[in-house]
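A.B. asks: Just passing along the structure, written as structure tokens.
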Amino acid sequence: MKKISVLFVCLGNICRSPAAEALFIKKIKEKQIEDRFLVDSAGTGSWHVGKKSDLRMRLAAKNRKIDITSIARQINKNDFQKFNYILTMDDSNYKNVMSLKNREPYSDNCEVRKIQEYANSFHEKEVPDPYFGGEEGFDYVLDILTDSISGFLDHIFKNHF
Ligand code: 4NP
């Protein structure tokens, strides 16, 4: 069976999207459905390529028993063929990803969304960028991502299972 492929995208790929990736992987492992998925994350920018995630994000996640292990990479045109879903964190990521996608001829099977569309409890329009803020911003990112990932999985269950 073909895997359902999901790519989480933010700006730097060191805070929000690696956290989303780790939260999603934890959820699908708990449900014992990880074999059905290909999961990754990427950034629209290239400044942090090759680096581990931001230590503040890793520590906030560790407090919730979530391991963030991803290494930053930049989104590229192959991702539009490889992934069924690209989930972005804010309007800027969404616009940047869509402008890349619109240049790719074979990208029709890739659905680009803002992850907050799937939120149930948090009514933020975006997942706020925590990079220049305090530690509480990283916890807040985890809170809202936990909510929207749960909603996204519900969407996946309705459409693929
Ligand atoms: P992210 O956060 O997009 O959630 O990974 C950021 C990381 C780095 C920068 C901005 C946002 N930066 O300006 O270097």
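The values are calculated or read from the model by the stated rules, or taken from the named source; none is laboratory data. Computed from a predicted model, the values in this text were never measured in an experiment. Cβ atoms come from the backbone with ideal geometry, glycine included; neighbour counts cover every protein chain shown. These accessible areas exclude ligands, DNA and RNA; they are computed on the full protein's heavy atoms, side chains included. Shrake-Rupley method; radii C 1.70, N 1.55, O 1.52, S 1.80 Å.
A.B. asks: In terms of solvent-accessible area of protein heavy atoms at a 1.4 angstrom probe, what is the ranking of T88, T69, highest value first? Spell out each step's value before the answer.
C.D. replies: Numbers: T88 0, T69 110 Å².
Ranked from most to least accessible, the order is T69, T88.
A.B. asks: Highest mean first, how do 24-36, 1-13 rank when packing is the count of other Cβ atoms within 10 Å averaged over residues?
C.D. replies: 1-13, 24-36
A.B. asks: So if I take the centroid of the Cα atoms in region 87-161 and the same for region 18-81, what is the distance between those two points in Å?
C.D. replies: Using only Cα atoms, the two centres lie 13 Å from each other.
A.B. asks: For region 4-160, what number results from the quotient of the Cα radius of gyration and 2.2 N^0.38 Å?
C.D. replies: In units of the globular-protein estimate, region 4-160 measures up at 0.95.
A.B. asks: Relative contact order (percent) for the chain, with alpha-carbon contacts under 8 angstrom and 6 or more residues of separation?
C.D. replies: The normalised contact order for the chain reaches 25 percent.
A.B. asks: Roughly what % antiparallel, to the nearest 5, for the DSSP beta bridges in the chain? Walk me through the intermediate numbers first.
C.D. replies: On the way: 1 of 17 bridges.
Just about 5 percent of them are antiparallel.
A.B. asks: A further question follows. Modelling each spin label as a point 7 Å along the Cα-to-Cβ direction, I'd like the I71/K125 distance in nm, to one decimal.
C.D. replies: 3.7 nm
A.B. asks: For K125, go through the aspartates and glutamates and keep the ones whose alpha-carbon is under 17 Å away, minus same-chain ones fewer than eight residues off.
C.D. replies: D90, D91, E117, D143, D147
A.B. asks: Compute the relative contact order of region 89-161 as a whole-number percentage, counting only Cα pairs closer than 8 Å that sit 6 or more residues apart in sequence.
C.D. replies: 34 percent
A.B. asks: Follow-up question, since we're still on this one. Send over a whole-number figure in Å² for the accessible area per residue of the chain, probe 1.4 Å.
C.D. replies: Result: 53 Å² of accessible area for each residue.
A.B. asks: Hey, which lysines would be in cross-link range of K158, C-alpha to C-alpha under 18 Å, not counting anything within fewer than 8 residues on its own chain?
C.D. replies: The qualifying lysines are K2, K3, K27, K31.
A.B. asks: Could you look at the chain and say what percent of its accessible area is carbon and sulfur, using a 1.4 Å probe and all protein chains?
C.D. replies: Carbon with sulfur: 49 percent of the solvent-accessible area.
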